[in-house]
Amino acid sequence: MQDFAESFSLAFQLIFSADADLAEIVLLSLKVSLSATMCACMIGMSLGAAIAIFRFPGRGVLLVLTNALMGLPPVVVGLAIYMLLSNAGPFGTFQLLYSPTAMIIAQTVLVTPIATALTRQVIADLHTEYDEQLRSLALGPFATLTTLLWDGRFSLITVALAGFGRAVAEVGAVIIVGGNINHVTRVMTTAIALETSKGDLALALALGLILIGISISVNAALMALKGTARRFAYE
Amino acid sequence: MKHLKSTLGGLALAAMLALTATGNAVAADKFITLQSTTSTQNSGLFDYMLPIFSKKTGIEVRVVAVGTGQALKNARNGDGDVLFVHAKPAEEKFVAEGFGVSRQDVMFNDFVIVGPAADPAKVGGMKDAPAALKMIADAKAAFASRGDDSGTHKKEKRLWKAAGVDADASSGSWYRETGSGMGATLNAAVGMGAYALTDRATWISFKNKGNFKIQVEGDKVLFNQYGVILVNPAKHPVVKKELGQSFIDWVTGDEGQKTINSYKLNGQQLFFANAS
């Protein structure tokens, strides 16, 4: 129990001393995971909406695949991206390994199936509800897709949050493709893994508490945005 | 509706600004990637030594700290400019196969066997490491192995061989392979009261010792040599030959060697420079 109390006080000390190293790690965590979530949402939301609305060959397979890939193990994604970006791999010439970009790519791969599968569910439900109305307006397929995405925007914020949660919490992928290099690719989760391996469990847990705090702040910010947006939308 | 769009736009813009601002902090073109081991990183040696080198030469050293096995594999793929590891036979093989230019000794320390204060196998104070391992095996006392093909793991396997014990046959019972780094293995060992082989530097800097202490030390076979290798630019043209070589020259030269010897933790010297 002593470790827990020590961790809480350490976490507060770290936050209030505005530790420069900690700030750098926190900002990189946010940068990588927010960028990855953004990329994954752009791909996943279009794809998910398309699967929800259109009927095309291979749709069933795609549906099962995206649902299954929600459980993609981060370490496998990390390994695959490492092999692709390695100097011995096909994309080695881009020199992306051990860079934040590599970490964004890995997390995008992790989050895209989540964004796709959850968006599909949201849009499919809306589509059933609006089907007749959309038909009566004689909207084309593309207009239907954008209308439904716009109308589902509040639910889609939750989809984005689920994706962000997955990205910011994973360590398996970023530690392989990023290398946990101090001042370059060290993020919250890899810093926690490092402190744990040093046996500094109190500091590791303190960093974990801060990570949870960040997650709560991001969620609260988006929820507030959602509330404001809803008020404007129905004014 | 217009309000919403401008609010969203403003937020997006603010986010972008925040992101680009942090991006600049990591921009530095003169850097090398050093594939190294967790023991050198966790002991704090790099945090102490590398800023001195960087200040002098303007070359930033980016350390990827993994097990020696993985470091060698990464370097084989050309993902790194310099190797700084501790498994001499594997390093010599790496150079012989043409993946490294040449290998130089840098420093040494030693391995120790740590265990719970209760010492169930009664090996405390012994010097003969293989004999101690034999006693641990005979007592079926728990032993936590790295099991990850790292330098420490390779050394441990040689010790079991010298002890005449087929530890792998008992894997899952008293012999437990964690398959992870030195620190994680020590955490596991302390958690289950198991003996473990660790390098002295990691042990001294390790903070979760519980009631554990060094039980076996001082055997000549526990010697732990670190070497440095430039990854062969002939195999991988992306290797930064000049920058990598200047790091090797520094770390095996007077200043680097002195720096290694001057690094102390809790008053104890962790590594002993021995470049020729």
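Every number in this text was worked out from the coordinates using simple rules, so none of it is lab data. All values reported here derive from a predicted model rather than from experimental measurement. Cβ: placed from backbone, ideal geometry, glycine included. Neighbour counts: every protein chain shown.
With each pseudo-label sitting 7 Å past Cα toward Cβ, what's the B:Asp29-A:Glu6 distance in nm, one decimal?
Those two pseudo-labels are separated by 4.6 nm.
Treating only the Cβ of Lys, Arg, Asp and Glu as charged (+1, +1, -1, -1), what charge dipole size does the range B:110-222 show about its Cα centre? Round to the nearest 20 debye. Mind showing how you got there, number by number?
Working: 16 positive and 13 negative charges, 36 e Å.
It works out to roughly 180 debye.
Excluding residues on the same chain fewer than 8 positions from B:Lys140, give the lysines whose Cα lies under 19 Å from its Cα.
B:Lys122, B:Lys157, B:Lys161
Fully extended, how many nm does the chain gain between A:Arg55 and A:Ala143 (0.36 nm per residue separation, minus their Cα-Cα distance)?
Details: separation 88, 0.36 × 88 = 31.68 nm, distance 1.61 nm.
Taking A:Arg55 through A:Ala143 to full extension adds about 30.1 nm, to one decimal.
Between helix B:129-139 and chain B, what is the angle of the helix's C-alpha long axis to the longest principal axis, kept within 0 to 90° and rounded to the nearest 10?
Around 70 degrees separate the two axes.
Among B:Ala75, B:Asn224, B:Asn109, whose Cα sits farthest toward the positive end of the charge dipole of chain B (+1 at Cβ of Lys/Arg, -1 at Cβ of Asp/Glu, about the Cα centre)?
Comparing the listed Cα positions along the dipole, B:Ala75 ranks first.
PRE reach from A:Phe16 (point 7 Å along Cα→Cβ): which of the range A:178-206 fall under 17 Å by backbone N?
Correct set: A:206.
Could you state the number of Å between the C-alpha centres of the range A:177-200 and the range A:85-162?
30
Leaving out same-chain residues fewer than 8 places away, which lysines sit with a Cα under 27 Å from that of B:Lys56?
Output for B:Lys56: B:Lys30, B:Lys240, B:Lys241, B:Lys258, B:Lys264.
Would you mind getting me the FRET efficiency between B:Ser170 and B:Glu92? Use the beta-carbon distance for r and R0 = 30 Å, nearest 0.05.
Details: r = 31 Å, r/R0 = 1.02.
The pair B:Ser170/B:Glu92 has a calculated efficiency of 0.45.
Using only the alpha-carbon atoms of the range B:110-222, report the extent along each of the three principal axes, biggest first, to the nearest angstrom.
The principal-axis extents, from largest down, are 33, 28, 24 Å.
Straight-line reach from A:Lys226: which lysines have a Cα under 21 Å away, not including same-chain ones fewer than 8 places off?
B:Lys2, B:Lys5
Work out, step by step, the length gained on full extension between B:Lys55 and B:Asn266: first 0.36 nm times the residue separation, then minus their alpha carbon distance; give nm to one decimal. Could the numbers behind the result be given before it?
Values: separation 211, 0.36 × 211 = 75.96 nm, distance 2.55 nm.
That works out to 73.4 nm of additional length.
Tilt of helix A:141-151 relative to the longest C-alpha principal axis of chain A, in degrees (0 to 90, nearest 10)?
Once rounded, the angle reads 50 degrees.
Describe numerically, in nm with one decimal, the distance between label points set 7 Å from Cα along Cα→Cβ at A:Leu225 and at A:His183.
Modelled inter-label distance: 3.2 nm.
Which FRET efficiency, nearest 0.05, do A:Ala88 and A:Arg153 yield, Cβ-Cβ r, R0 35 Å?
0.20
Please determine, in degrees from 0 to 90 and to the nearest 10, the orientation of helix A:201-233 with respect to the longest principal axis defined by the Cα atoms of chain A, where the helix direction is its Cα long axis.
30
Give the residue from B:His153, B:Gly193, B:Ala169 lying farthest towards the positive end of the charge dipole for the range B:142-261; charges sit on Cβ (+1 for Lys and Arg, -1 for Asp and Glu) and the dipole is referred to the Cα centre.
B:Gly193
Once you order the gyration tensor axes a ≥ b ≥ c over the Cα atoms, which shape class does chain A get: rounded for a/c under 1.5, otherwise prolate or oblate by comparing a/b with b/c?
In terms of gyration-tensor shape, oblate.
For A:Glu132 and B:Gln245, FRET efficiency with R0 = 56 Å and r from the beta-carbon atoms, rounded to 0.05? Display every interim value, and only then the final one.
Values: r = 73 Å, r/R0 = 1.31.
Efficiency computed from Cβ-Cβ geometry: 0.15.
Give me a single rounded figure for B:69-78: the average over its residues of other chain Cβ atoms within 10 Å of their Cβ. Show your work: numbers first, answer last.
Working: counts 0, 1, 0, 0, 2, 8, 1, 3, 8, 6.
For peptide B:69-78, the averaged partner shielding equals 3.
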